[in-house]
Amino acid sequence: QITLTQQAESLWVSPGEKVSITCRASQSLLYTDGKHYLSWYQQRPGQTTKALIYHASIRTDGVPTRFIGSGSGTEFTLSIEDVQPEDIALYYCLQTLKKPYTFGAGTKLELK
Amino acid sequence: EVQLQESGPGLVKPSQSLSLTCSVTGYSITSNYWGWIRKFPGNKMEWMGYISYSGSTSYNPSLKSRISITRDTSKNQFFLQLNSVTTEDTATYYCASVVLWVLFDYWGQGVMVTVSS
């Protein structure tokens, strides 16, 4: 199965800063259709899990433009520009290229 | 908007079966795909499986023959059954709508299940 590695268990950030969360796959997530099968999710206490990004860089409806997905092949990044207090959450990457679908270990964004 | 809500017992004894219900509003389960994901203590997430609009299923091989996902279209609900549970199955269980091969776009709040005697 494909392993996703989110190196940072926690990242500390101040409001207004930019932060990047990385996700590395054990094999390329690029399919023959030219799309990467990597998505990002946000979990906040008391809220439902929110899908932020799919195909590595496409924001889902209503996701603020400060959330930017990038990367290709095996290396992917979720960047949050101008971090807001409501962005403090747990973030996961997920690959859906091959079953079983697999998640990264999660990166917790915390306030400095 | 699609809304999902998990329900079921919060405590299950080892060797017994875990049974959960996902109630869906705002969308018919006879369209799309519908899945189960769990989050273990320590935050590890695992995709468990899904059921399609036609009733076909796909499961994580790690769960082998212990898992079954079924549905009741008249109630717009789908179900998770996990047999022969152990303490290792203690987790928060989520249901979600699935855009096949792309993402889990809507999630329930999750239900915490503890396996303990």
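Values quoted throughout were computed directly from the atomic coordinates according to the rules given, and no laboratory measurement underlies them. Everything numeric here is computed off the predicted structure, so don't read it as measured data. FYI the Cβ positions are ideal-geometry reconstructions off the backbone, even for glycines, and counts take in every protein chain you see.
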- Query: Any idea what the dipole of the protein assembly as shown comes to, in debye rounded to 20, about its Cα centre with Lys/Arg Cβ at +1 and Asp/Glu Cβ at -1?
  - Reply: 500 debye
- Item | Relative contact order [Cα under 8 Å, 6+ residues apart], region B:1-52, whole percent | 30 percent
- Shielding of B:98-110 by partners, i.e. mean partner chain Cβ atoms within 10 Å per residue? 6
- Task: Diagonalise the Cα gyration tensor of chain A and give the resulting equivalent ellipsoid semi-axes, square root of 5 times each eigenvalue, largest first, whole Å.
- Result: 23, 14, 13
- Principal axis box of region B:1-72, alpha-carbon based, largest edge first, Å: 34, 23, 23
- Task: Count the lysine pairs in chain B whose Cα atoms sit under 21 Å apart, keeping only pairs 8 or more residues apart in sequence or on different chains.
- Result: 4
- Shielding of B:32-38 by partner chains, average beta-carbon count, 10 Å: 1
- Query: Which whole number gives the average, over all residues in A:40-47, of C-beta atoms from other chains lying within 10 Å of the residue C-beta?
  - Reply: 2
- Query: Among all the aspartates and glutamates, which ones have a C-alpha under 12 Å from A:Lys50's C-alpha, if same-chain residues fewer than 8 places away are not counted?
  - Reply: A:Asp61, A:Asp87, B:Asp105
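Report the per residue volume, in Å³, of the convex hull enclosing the C-alpha atoms of the protein assembly as shown.
120 Å³
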- Task: Quick one: dipole size for region A:1-108, taken about the Cα centre, charges +1 on Lys/Arg Cβ and -1 on Asp/Glu Cβ, in debye to the nearest 20.
- Result: 320 debye
